[in-house]
Amino acid sequence: MTWDITGMGAVASIGGTPQEIFAALCAGRSGLAGLRAFDTTKYRARQAYEIDDRPRPGADEPGRATRWLREAVAQALTDAGLPHDLADVPVLVGTTLQEQRSAELWWREGTRLAPPDLHFGTALRAAFGATRTYTFANACAASLYALAMATDLIEVGAADTVVVAGTDAIGESAFGTLDRVQNDIPDALRPFDRSHKGMLMGEGAVAVVVQRAPAAPAPGRRVHARVRAVGINCDAHHPTAPDPGGITRVVRDAHRRAGVAPGDIDLVMLHGSGTPKNDTTEAGVLAQVFAAGPGEGDGAGGGPLMTAVKSMTGHTLGGSGLLSLVVAALALRQGTVPPVLGLTDPVEEAAGLRLVQGTAATADLGLAQIDAFGFGGINAAAIVEAVR
Amino acid sequence: MTSTSTAHGVSGNTEVVISGVGLAVPGITFPDELLGAVREGGFDPHTGLTGREMRHKDRASRLALRAAEPALRDAGLHDGKAFTGDGDTTAVVVSSNFGILDSVCAFADVIARDTVTGLSPLGLPQTSSNVIAGSVAMRHGLRGPSVTLCNGPTSGLDAVYWARGLIASGRAETAVVIGVEPSGDAVTKLLGEPVFDGAAALVLEARDRGARPRAVLGAGAYARGADPSAAVAAALGGRSPDAVSLWLPGEDACGGGGAGPAYGLTARLGLCSGALGVLQCAAAVAYFDRHAHEDAAVLASAGGPADDAAAALLLTVP
């Protein structure tokens, strides 16, 4: 079975729609700026990829993750030509921090917070009448996990249309604890480059409408891309560090579910969080998975193109996997792959990978793989197919 | 895709059962105590959350670990030393609304006072709500899907529903479901009263794995929607409310009127929030252990008109 992506919406530091974001990525335009959310004197890292929408500079406000979620879902519904009424449509939201930032502002500054504000069903009910709503706090694999579970719902006949989304706003405790543990102080997120110093957070929300493919051809129905499979698993190995075994398993599981071989993949949207540990682990696994098999040539110049959008959006946490998927859908359609910004000298493990450097690459693309890995050892990998 | 149930196939008809229950609930040892049985002793968080394996763990993870192991033992998947099932096909599904709220607020306090240099690097996992699922997966080597729901009053029932779904879709053959709410200053301040400070765990399996079934979770036995009564009606799936042997209502007791005698768990336990649905299922198992007549059915419900939605789940006797 396959599933159609019929609507897409997204907001991030570099653009307010999927098309704006894709254009910025292809132009090599980053959302990096000085940290706006908090008192910078309290932190070592002072850069982030924030959405610059606070009403007063220097003062944070609650509810931003929820606001962007509403915006991304509305965009996706409009794009799919669907009414903004989700009374019968499941909405699966993947997030790392939920409304953690609103909780911090409540605790520290006394802004208003009620328990229903902490999960997104409350706002989705108010905005879209949605009641089959689920907030999955599945770290940075959350939105691809939600996509996997959406495909399951459609496959077992529990729904024909599902909205899948992700959202996160930067929070103090998460930003601060990450800042505390990173040995170096990154001034930018530079995935797979020898100069990488770690992860920097970004902000944003993303949503897609996933639908059962119609039994008969439906003229005029626009499909952005087709989901072939999503694999999900857990390393059960370390609370925060990635594990090559678990990542290998999830990528191979996604390929098996999709019925594709590594050689069929034309594009990989990397997790690429810019931490030395992620970059060496992910690159090492992919070098093995995509190593040319017998009869597939000598491997020189072979294998899929690869890119990492976090080099320009920052790590948008729970929504990052689905944002990569939306970018993949546009890349497949346009035959253009954004570069990894700042990549000039790849780490040793990435030496054999076709990472797009400098400027956007053009290529004929049919199948894309999207990686997303998170704390708790959780991994997800999706396979999407171009629709011509 | 065929409609038959295979290791990696998909079937809406897979019969999923609860095969094990474990509790880390203050003052309680066995699930029948949720329904009023009285024994001496019981779990004490002051003494029960210590030990080498608990070091550096957040309170919610510690409570969850204390509940998960007895559930696995109860299901015959733990020999007292280690998990004996298949880690690759075992999922972990956690429900908690306030699992890391106190950590998050405490870390913000430390930053304000001492800058980030005052933070402990060991706190990093606790900045993400899925720390609990990760802790349980790591302890027992559970490498299947790992899912954390923070979904309001219905969250526990929702977690059971999604765990069932992971098995029905073939993504897992076994699932450990945990509902947990740790107490803390921030949680108490937000709710106006403390949460119950405990955890409940279930083991779910496809019935055809040869599990010892303690309760059945049918396809279509769960519903979530705006109207509590409609959710209950949908979960009953055409059954008369009279067919319900026991109704375990949510914290505001909505929607199940007329559906069997009601027994509210929160009168004894206090606010259970995201743990409630899992506790309700644990209580249902205890009920079926005692009342094995062939048409016994337990209705669990959560959420009311003031919430974003209500959910209901019907459990039937194996």
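Residues checked against (1) out of contact with any strand residue (DSSP E or B) (no Cβ under 9 Å at 6 or more places or on another chain); (2) among the acidic types (D, E); (3) closer than 26 Å to A:T362 by Cα:
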{"site": "A:A10", "(1), (2), (3)": "no, no, yes"}
{"site": "A:E20", "(1), (2), (3)": "no, yes, yes"}
{"site": "A:A37", "(1), (2), (3)": "no, no, no"}
{"site": "A:Y43", "(1), (2), (3)": "yes, no, no"}
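Scanning the range B:287-310 for residues that are more than 14 Å from chain A (Cβ to nearest Cβ) and surrounded by fewer than 23 Cβ atoms within 10 Å (Cβ to Cβ) gives B:D289, B:R290, B:H291, B:A292, B:H293, B:E294, B:D295, B:A296. Where helices (runs of 4 or more DSSP H) sit wholly within the range A:80-156, those with at least 3 residues that are in contact (Cβ under 8 Å) with a residue 12 or more places away in the chain, more than 9 Å from chain B (Cβ to nearest Cβ) and buried (at least 24 other Cβ atoms within 10 Å of the Cβ) occupy A:142-155. For B:T127, the criteria (1) more than 30 Å from A:A229 (Cβ to Cβ); (2) crowded, with 24+ Cβ neighbours inside 10 Å; (3) facing another protein chain (nearest Cβ under 7 Å); (4) touching a strand residue (DSSP E or B) at 6+ places or on another chain (Cβ under 8 Å) hold in every case but one, which is (4).
Scanning the range B:101-134 for residues being farther than 22 Å from A:T316 by Cβ and within 17 Å of the chain's Cα centre (by Cα) gives a total of 1. Of B:D307, B:D289, all but one fail to be out of contact with any Ser or Thr (no Cβ under 6 Å at 6 or more places or on another chain), more than 24 Å from A:L124 (Cβ to Cβ) and outside any strand (DSSP E or B); the exception is B:D289. Within the range A:50-72, the set of residues being assigned to a loop (DSSP other than H, G, I, E, B) and within 25 Å of the chain's Cα centre (by Cα) comprises A:E50, A:I51, A:D52, A:D53, A:R54, A:D60, A:E61, A:P62, A:G63. Scanning the range B:247-267 turns up no residue that is assigned to a helix (DSSP H, G or I), buried (at least 20 other Cβ atoms within 10 Å of the Cβ), touching a Phe, Trp or Tyr at 6+ places or on another chain (Cβ under 8 Å) and in contact (Cβ under 8 Å) with a residue 12 or more places away in the chain. Anything in the range A:51-74 that is under 20 Å from A:G94 (Cβ atoms) and among the charged types (D, E, K, R)? List them, or say none. The answer is A:R64, A:R67, A:R70, A:E71. Consider A:G302 carefully, then state whether it is of a type in the set (G, A, S), surrounded by fewer than 17 Cβ atoms within 10 Å (Cβ to Cβ) and over 30 Å from A:T17 (Cα atoms). Answer is yes for this residue. Only residues that are crowded, with 22+ Cβ neighbours inside 10 Å and either part of a loop (DSSP other than H, G, I, E, B) or within 14 Å of chain B (Cβ to nearest Cβ) (or both) were counted across the range A:179-197, and they come to 7.
Out of B:G192, B:G179, B:G237, B:G225, one residue alone is in the same structural domain as B:A67 (by TED's automatic domain parsing), touching a residue at least 24 places away in the same chain (Cβ under 8 Å) and of a type outside the set (F, W, Y). It is B:G179. When the criteria are applied in full, B:A112 fails the requirement of being among the aliphatic types (A, V, I, L, M), touching a Pro at 6+ places or on another chain (Cβ under 7 Å) and assigned by TED's automatic domain parsing to the domain that holds B:N151.
Residue-wise test of (1) free of Cβ contacts under 8 Å to residues at least 12 places away in the same chain; (2) of a type outside the set (D, E, K, R).
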site: B:T47; (1), (2): yes, yes
site: B:E53; (1), (2): no, no
site: B:H56; (1), (2): no, yes
site: B:R66; (1), (2): no, no
site: B:G76; (1), (2): no, yes
site: B:G80; (1), (2): yes, yes
site: B:F83; (1), (2): no, yes
site: B:D88; (1), (2): no, no
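Just one of the listed residues (A:Q47, A:Q75) is under 18 Å from the mean Cα position of the chain (by Cα), surrounded by fewer than 24 Cβ atoms within 10 Å (Cβ to Cβ) and away from chain B (no Cβ under 14 Å), and it is A:Q75.
Yes/no matrix, rows are residues, columns are (1) closer than 30 Å to B:H291 by Cα; (2) at pLDDT below 95; (3) part of a helix (DSSP H, G or I); (4) away from chain A (no Cβ under 14 Å):
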| position | (1), (2), (3), (4) |
| --- | --- |
| B:G41 | yes, yes, no, yes |
| B:E69 | yes, no, yes, yes |
| B:A106 | no, no, yes, no |
| B:D109 | no, no, yes, no |
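B:G274: surrounded by fewer than 24 Cβ atoms within 10 Å (Cβ to Cβ) and on the phi < 0 side of the Ramachandran plot, yes or no? No: the conditions fail for B:G274. Screening A:G263 against (1) away from every other protein chain (no Cβ under 14 Å); (2) crowded, with 24+ Cβ neighbours inside 10 Å; (3) not in a loop (DSSP other than H, G, I, E, B) leaves a single unmet condition, (2). All told, A:Y49 meets the bar of being in contact with a Ser or Thr (Cβ under 9 Å, 6 or more places away or on another chain), under 27 Å from A:H119 (Cα atoms) and among the hydroxyl-bearing types (S, T, Y).
Residues in the range B:77-100: is at least one more than 30 Å from B:A206 (Cα to Cα), under 16 Å from the mean Cα position of the chain (by Cα) and at the interface with chain A (Cβ under 9 Å from one of its Cβ atoms)?
Scanning the range B:77-100 turns up at least one residue that is more than 30 Å from B:A206 (Cα to Cα), under 16 Å from the mean Cα position of the chain (by Cα) and at the interface with chain A (Cβ under 9 Å from one of its Cβ atoms).
The values are calculated or read from the model by the stated rules, or taken from the named source; none is laboratory data. A quick note: this is a predicted structure, and the numbers were derived from the prediction, not measured. Neighbour counts run over all protein chains shown; Cβ positions are idealised from the backbone, glycine included.
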